[in-house]
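Worksheet for the structure shown next.
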Amino acid sequence: MADVEKALDDAGVTNPHVREYVAYWADLTGAERVEVVDAADDARLIKEALDAGELLPAGEGRYYSRSYHKDTARSEERTIVATNDPKDKGVYNNWRPASEMKPLLEERMRGASAGKTMYVIPYLMAPPGSPLAPWATGVELTDSRTVVLHMIRMSRVGVDYLENLDDPNMFVRAVHVTGDLEHLGQGTPDDKRYFVTVADERTILHFGSSYGGNALLGKIAHGLRQAAYDGWASNKFLGEQYMLIGIHDKETGKDYHICGGFPSASGKTNLAMMLAPDALGDRYHVSFYGDDIAWLWVDEKDGKLYGMNPEYGVFGVAKDTNEKTNPTALASVDEGTGVIFTNIAYNPDTHEVWWEGRTPEPPADVTGWLDWKGNPIADRAEGEKDAPWAHPNSRFTTTLDNVPNIAKDYNEPQGVPIDAIIFGGRTRDREPLIRAITDLAEGVYDGLTLGAEATFAAEGVDGQLRYDPMSNRPFMAYGEGDYAAHYLKIVGAAKEQPIFAHVNWFQRDPEDGHFLWPGYRENLRPLLWLLQLKNGEVKGRETAVGIIPTEDELNLEGMDIAPEDLQTILSINVPRWQQEMGHREEHLKQFPNMPEEIWEAHRRVAAALETE
Ligand code: GDP
Ligand code: PGA
Ligand code: MN
Ligand code: MN
């Protein structure tokens with residue numbers, strides 16, 4: 001049995017509520033040892049992980065890991081929000097009673113960490129001193145050292161965050177137990193995994209995965225689901241799956257901030273790391289605040305809408321990351337960054353790594369190369385030769401300090417004022433490059449009806465076209481109608497309203513499937529147009545579904561695009577949109593208490609489409 005008291009004493013954990021919580025779970029999970037983690041322990045833990053073979057060397061200060069082959073993405077089906085109030089049941093949150101889920105998870109976790117170390121990770125999901133810090137403190141308990149190393153990169157970790165809390169009992173209790181990954185029936189009717197957020201008790205219980213999206217509880221469960229619930233329950237803020245960037249105009253000296261939601265693996269990290277296109281780089285600079293989560297609130301003193309990134313790192317998709325698409329990402333995972341790669345291809349002889357899209361062709365000499373499952377590429381049978389070397393959802397984990405375009409003020413407690421909120425996703429037709437929306441209710445309505453293709457970041461839904469409200473479908477914590485009302489209330493309280501927009505980098509040619517818009521760095525161009533529109537410098541063209549740029553308003557200097565492709569992405573296919581309105585109506589009808597403002601927005605857009 002672990003000597004919990006001694007471990008806590010040695011680490012200087014005095015908070016009695018934390019001590020009690022750690023002791024309870026150490027006993028229940030049967031962990032052999034307890035170890036309290038601080039970010040300063042990283043080098044030692046890396047060495048231990050290398051010695052244990054949990055990490056493999058991938059160059060100077062770069063590390064490689066594999067997750068179990070049936071454990072490579074978030075599981076939406078097994079993810080549950082539990083509370084004590086049935087009124088919290090929504091369409092997407094898989095609500096269950098807390099009284100049912102807690103005993104179930106305790107049963108799964110009982111004795112399940114026997115022989116292992118239980119790591120205690122005190123963390124803060126906010127810049128220190130943030131007005132939202134009271135909701136940002138948590139303690140993850142995990143029996144996986146790799147999870148610890150990821151948490152140190154993804155969040156601010158240290159015992160100090162637990163001392164001097166205004167309310168010493170106000171921290172999220174986040175318990176992660178890996179379980180016996182080879183016997184959990186992943187994806188079968190007898191699936192034993194459960195990823196539960198007991199939102200009204202601020203307790204997270206995740207069992208049965210060591211993949212980041214299920215196991216980094218500060219990020220995914222606290223930063224999104226718990227934060228969404230807390231923001232609503234406290235009536236103070238929104239917790240959203242948003243990237244957050246700054247755009248600096250060197251000519252006018254102005255700074256703008258844009259945040260926005262795209263479903264997982266749909267371009268948030270790439271947008272946040274964006275290097276301005278060469279032709280525009282003399283005038284504009286894009287800085288990184290966040291790439292996956294933003295918490296938004298209105299400051300009572302100045303009445304402005306603020307946003308901040310609660311995270312401290314990047315958990316990015318590797319696929320298609322290269323010098324041309326995202327040089328910033330490559331620099332963020334370079335030698336000496338301490339990056340951890342997961343599920344890409346690896347060469348144990350040379351310590352090289354590779355993923356699809358890293359170079360146009362995989363390494364010509366396959367000697368020594370292993371695919372993401374650890375199988376030699378050279379031994380592949382004839383029919384397997386085309387299988388990807390890396391898992392499509394393979395990732396890199398690196399801290400914000402490694403990101404070359406990190407904003408200078410990213411650590412400021414107050415966050416940044418928000419000028420624009422955008423929504424987007426992988427939508428192969430209908431959605432133009434950008435359409436701007438100036439009315440709050442229509443903007444919220446637009447987010448709620450975000451329709452896009454699901455991606456490999458979630459198990460078993462890749463490619464399915466579905467609605468993903470505000471890109472929050474997998475993170476929705478309470479009823480969608482209440483969510484819409486809360487959103488309208490929070491953002492509506494700002495004295496200057498942000499402009500909204502819907503963007504789409506992924507429209508395709510119906511015949512040959514090519515992307516009509518080159519994407520990546522070029523995505524700055526429609527965003528600049530949006531800011532010009534907000535400033536009254538361009539007028540755009542009014543359509544039923546928003547304002548879209550005219551061809552000459554969009555700055556295309558130094559960029560190639562076929563004229564017919566440009567025309568398609570800057571036009572509205574009215575019959576196709578009219579058809580879409582029927583689907584949206586069905587979608588919205590699922591949510592019993594959707595605010596009347598949202599229905600009015602829907603009817604306004606539908607009526608405008610009839611006269612278009
Ligand atoms: P996130 O999961 O939302 O942060 O998305 P990422 O930025 O990691 O991108 C996910 C995948 O989409 C990666 O394989 C990117 O290379 C790809 N991607 C990102 N932005 C674009 C774009 O503008 N155009 C195209 N075609 N692909 C993109
Ligand atoms: P992503 O982050 O949105 O950058 O893919 C991880 C996730 O949402 O699973
Ligand atoms: Mn995400
Ligand atoms: Mn991302």
State which residue is farthest from ligand 2 (Cβ to nearest atom) when the search covers only the stretch 293-303 and only residues that are buried (at least 24 other Cβ atoms within 10 Å of the Cβ) and either within 18 Å of Arg473 (Cβ to Cβ) or without any contact (Cβ under 8 Å) to a residue 12 or more places away in the chain (or both). Ala294
In the stretch 468-489, residue nearest to Arg541 (Cα to Cα) [restricted to those that are open to solvent by less than 40 Å² (accessible area, probe 1.4 Å) and in contact with a Lys or Arg (Cβ under 9 Å, 6 or more places away or on another chain)]: Ser471
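Let's see how each residue does on (1) in contact with a helix residue (DSSP H, G or I) (Cβ under 8 Å, 6 or more places away or on another chain); (2) within 16 Å of ligand 3 (Cβ to nearest atom); (3) among the hydrophobic types (A, V, I, L, M, F, W, C); (4) in contact (Cβ under 8 Å) with a residue 12 or more places away in the chain:
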| site | (1), (2), (3), (4) |
| --- | --- |
| Ile247 | yes, no, yes, yes |
| Lys268 | no, yes, no, yes |
| Met273 | yes, yes, yes, yes |
| His285 | no, no, no, yes |
| Tyr306 | no, no, no, yes |
| Glu323 | yes, no, no, no |
| Thr328 | no, no, no, yes |
| Thr342 | yes, yes, no, yes |
| Thr350 | no, no, no, yes |
Can you tell which of Phe262, Phe237 is under 24 Å from Asn411 (Cβ atoms) and either touching a residue at least 40 places away in the same chain (Cβ under 8 Å) or within 16 Å of ligand 1 (Cβ to nearest atom) (or both)? Phe237
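Having 2 or more residues that are touching a Lys or Arg at 6+ places or on another chain (Cβ under 7 Å), in contact (Cβ under 8 Å) with a residue 12 or more places away in the chain and farther than 30 Å from Ala279 by Cα is the bar; report the helices (runs of 4 or more DSSP H) wholly within the stretch 558-612 that clear it.
Values: elements: 563-569, 574-589, 596-611.
So the answer is 574-589.
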Return yes or no: is Gly290 within 18 Å of Pro417 (Cα to Cα), within 12 Å of ligand 1 (Cβ to nearest atom) and surrounded by 23 or more Cβ atoms within 10 Å (Cβ to Cβ)? yes
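Please go through the stretch 39-50 and pick out each residue that is loosely packed, with under 10 Cβ neighbours inside 10 Å and either within 17 Å of Phe341 (Cα to Cα) or of a type in the set (A, V, I, L, M) (or both).
Here is the first cut: in the stretch 39-50, the residues loosely packed, with under 10 Cβ neighbours inside 10 Å are 43-44.
Of everything in the stretch 39-50, just one residue is loosely packed, with under 10 Cβ neighbours inside 10 Å and either within 17 Å of Phe341 (Cα to Cα) or of a type in the set (A, V, I, L, M) (or both), namely Ala43.
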Out of everything in the stretch 501-547 that is of a type in the set (D, E, K, R) and not in a loop (DSSP other than H, G, I, E, B), what residue ends up being least open to solvent (accessible area, probe 1.4 Å)? Arg525
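Among the residues of the stretch 5-36, write down those that are touching a helix residue (DSSP H, G or I) at 6+ places or on another chain (Cβ under 7 Å) and either part of a strand (DSSP E or B) or not assigned by the TED database to the domain that holds Arg156 (or both). Spell out how you get there, then give the answer.
Kept after step one, since they are touching a helix residue (DSSP H, G or I) at 6+ places or on another chain (Cβ under 7 Å), are these residues of the stretch 5-36: 8, 11-13, 15, 18-19, 22-23, 26, 28-29, 34-36.
Selection gives Val34, Glu35, Val36.
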Checking Glu54 against (1) outside any loop (DSSP other than H, G, I, E, B); (2) assigned by the TED database to the domain that holds Phe341; (3) among the acidic types (Asp, Glu), which test does it fail? (1)
Given (1) more than 28 Å from Leu527 (Cβ to Cβ); (2) surrounded by fewer than 14 Cβ atoms within 10 Å (Cβ to Cβ), Pro595 misses just (2)
Residue check, Val538 against (1) in contact (Cβ under 8 Å) with a residue 60 or more places away in the chain; (2) touching a helix residue (DSSP H, G or I) at 6+ places or on another chain (Cβ under 9 Å), all met but one. Which one? (1)
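Looking at the stretch 362-374, which of its residues are within 29 Å of the chain's Cα centre (by Cα) and in a loop (DSSP other than H, G, I, E, B)? Can you show your working first?
Going through the stretch 362-374, the residues within 29 Å of the chain's Cα centre (by Cα) turn out to be 362, 370-374.
Within the stretch 362-374, Pro362, Asp371, Trp372, Lys373, Gly374 meet the criteria.
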Looking only at residues in the stretch 439-463 that are surrounded by 21 or more Cβ atoms within 10 Å (Cβ to Cβ) and assigned to a strand (DSSP E or B), which one is farthest from the chain's Cα centre (by Cα)? Ala452
Hey, among the residues in the stretch 255-287 that are of a type in the set (Ser, Thr, Tyr), within 16 Å of ligand 4 (Cβ to nearest atom) and open to solvent by 10 Å² or more (accessible area, probe 1.4 Å), which one's modelled with the lowest pLDDT? Ser264
All but one of (1) in contact with a His (Cβ under 6 Å, 6 or more places away or on another chain); (2) open to solvent by 20 Å² or more (accessible area, probe 1.4 Å); (3) farther than 30 Å from Ser571 by Cβ hold for Val416; which doesn't? (2)
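Answer with yes or no whether Thr321 is within 16 Å of ligand 2 (Cβ to nearest atom) and either over 19 Å from the mean Cα position of the chain (by Cα) or modelled with pLDDT under 95 (or both).
Numbers: within 16 Å of ligand 2 (Cβ to nearest atom): yes; either over 19 Å from the mean Cα position of the chain (by Cα) or modelled with pLDDT under 95 (or both): no.
Judged against the criteria, Thr321 is not a match.
Condition check ((1) β-branched (Val, Ile, Thr); (2) in the same structural domain as Leu50 (by the TED database); (3) free of Cβ contacts under 8 Å to residues at least 40 places away in the same chain; (4) not in a loop (DSSP other than H, G, I, E, B)) across all residues:
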{"residue": "Pro131", "(1), (2), (3), (4)": "no, no, no, no"}
{"residue": "Pro134", "(1), (2), (3), (4)": "no, no, yes, yes"}
{"residue": "Asn164", "(1), (2), (3), (4)": "no, no, yes, no"}
{"residue": "Asn169", "(1), (2), (3), (4)": "no, no, no, no"}
Somewhere in the stretch 190-213, is a residue open to solvent by less than 10 Å² (accessible area, probe 1.4 Å), away from ligand 2 (no atom under 16 Å from the Cβ) and closer than 18 Å to Ala23 by Cα? yes
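The values are calculated or read from the model by the stated rules, or taken from the named source; none is laboratory data. Everything quoted here is computed from the prediction, not taken from an experiment. Because the Cβ atoms are built from the backbone with ideal geometry, glycine has one as well, and the counts that use them run over all protein chains shown. Side chains are part of the model used for accessible areas, which takes the heavy atoms of the whole protein and leaves out ligands, DNA and RNA. Shrake-Rupley method; radii C 1.70, N 1.55, O 1.52, S 1.80 Å.
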